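The values are calculated or read from the model by the stated rules, or taken from the named source; none is laboratory data. Worth saying up front: this structure is predicted, and the values here are computed from it rather than measured. Note that we place each Cβ from the backbone using ideal geometry, even for glycine, and neighbour counts take in every protein chain shown. The area values use the complete protein model at the heavy-atom level, side chains included, leaving out ligands, DNA and RNA. Shrake-Rupley method; radii C 1.70, N 1.55, O 1.52, S 1.80 Å.
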Amino acid sequence: MLLKTIIKKIESKYPLNLAYDWDNVGLLVGDFDMNVEKVLVVLEANEKVIDEAIENNIDLIITHHPFIFKKMNKINTMDLKGKLIHKLIKNDIALYSMHTNFDIAYDGLNDYFMKLMGFENSKVLEVTNTETLYKLAVYVPTTHIDKVKNALADAGAGHIGNYSHCSFSSQGVGSFKPLDNSNPYIGSLGELELVEEVKIETIVPQRILGGVISSMINAHPYEEVAYDIYKLENKGNSVGLGRISKLQDNITLEELCNKIKEKLNIDHIRVVGNLNDKINKVAVVTGSGADMFKKAKRSGADVLITGDMKYHDAQDALDIGMNVIDCGHFDTEDIFKDAISIYLDDIKGIEVIKSNINLNPFKIV
Ligand SMILES: [Zn+2]
């Protein structure tokens, strides 16, 4: 599959414009027109990861942390990053990074963390964007109304609040003249054709627009499908950093710590707060989210689960009576490999491999 096709699919669900301005996401090294068969997913890329990719004939590495972050004025082998970029290009390996756009997006890293922990009905902790909505209008011959409507709904179009399959249909007459080299489903070359058609209109959020259009075209009988896409002023669901969820049963802070250790398969986490506190509402920010403890407290959370808690932030959290669980930056984000693999596994024609390199710079002794 062409790299640009894979990127189009990824970015229809995890658009680059969700990322913070300071971030650096997207295709950082590579040729959009190259063919990709094998993909390596990993938290970040260092020389060991690139060597692992070369050994496994990988065409594309997908990382969470941006491979290129600081501005570079030259790319040469005297500099470590330059050497790695040179190695990637020499070995025909592309590198794509999805960072804060993947943290923020629906079904991204924070949502994966919530599902892994069994925290249900989570909401966004800090709203950063509101989803852009589109109106999709497609003209369908009367024989294929149900088929196209079902394809649109199955791909996720037509959701309004707690209602699915929302659409509006109006009847009319479509006209077209098939030209040379066309292969019309209805009509003959060079003759003006009039066909009873129905215009189906439905609403589609940006993140699934690409998939909805593909499904619609597959279900439609015409060689050239006539459709319109309008950007709407109506706003869709909010997306943003972190998640917050109300637990079904209260548990103690200590029980919650043990649950996290088990689910993340780690032996050691740091906790700020009273281990006997009853926890009813949890906030999660994967990676470096410790500075959001006040926001989590204001949102009614009893605990913030995150990484990278600094000493003075820990003191401040204690002072305002906020519990914080610091699972470590690495351990809240190494699950990126699992989270993105679930999505990529649905893309036919590529093999996805999770990196075996241990990237945690810390050891517990
Ligand atoms: Zn991170």
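Tell me the residue from TYR139, TYR96 that is among the hydroxyl-bearing types (Ser, Thr, Tyr) and in the same structural domain as LYS199 (by TED's automatic domain parsing), please.
Of the residues listed, the single one that is among the hydroxyl-bearing types (Ser, Thr, Tyr) and in the same structural domain as LYS199 (by TED's automatic domain parsing) is TYR139.
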Taking the range 241-253 as the region of interest, how many residues are open to solvent by less than 90 Å² (accessible area, probe 1.4 Å) and either polar (S, T, N, Q) or within 14 Å of GLY273 (Cα to Cα) (or both)?
4
Count of the range 51-81 residues which are more than 16 Å from the ligand (Cβ to nearest atom) and either among the acidic types (Asp, Glu) or touching a Phe, Trp or Tyr at 6+ places or on another chain (Cβ under 6 Å) (or both):
5
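Could you please give the count of residues in the range 166-184 that are in contact with a strand residue (DSSP E or B) (Cβ under 9 Å, 6 or more places away or on another chain) and surrounded by 12 or more Cβ atoms within 10 Å (Cβ to Cβ)?
9
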When every residue in the range 7-34 that is among the aliphatic types (A, V, I, L, M) and open to solvent by 20 Å² or more (accessible area, probe 1.4 Å) is compared, the one farthest from LEU60 (Cα to Cα) is LEU18
Across the range 35-50, which residue is most open to solvent (accessible area, probe 1.4 Å) among those that are out of contact with any Lys or Arg (no Cβ under 6 Å at 6 or more places or on another chain), closer than 13 Å to TYR96 by Cβ and within 16 Å of the ligand (Cβ to nearest atom)?
GLU44
LYS278 - would you say it is of a type in the set (Lys, Arg), more than 16 Å from the ligand (Cβ to nearest atom), farther than 26 Å from ASP23 by Cα and open to solvent by 70 Å² or more (accessible area, probe 1.4 Å)?
yes
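Please work out if LEU133 is within 30 Å of ASP21 (Cβ to Cβ) and open to solvent by less than 70 Å² (accessible area, probe 1.4 Å).
Values: within 30 Å of ASP21 (Cβ to Cβ): yes; open to solvent by less than 70 Å² (accessible area, probe 1.4 Å): yes.
Here the answer is yes, as LEU133 does meet what is asked.
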Suppose we filter the range 104-118 for residues that are open to solvent by 10 Å² or more (accessible area, probe 1.4 Å) and either touching a Leu at 6+ places or on another chain (Cβ under 8 Å) or at negative phi (or both); how many remain?
5
Within the range 209-230, work out how many residues are open to solvent by 30 Å² or more (accessible area, probe 1.4 Å) and among the hydrophobic types (A, V, I, L, M, F, W, C).
3
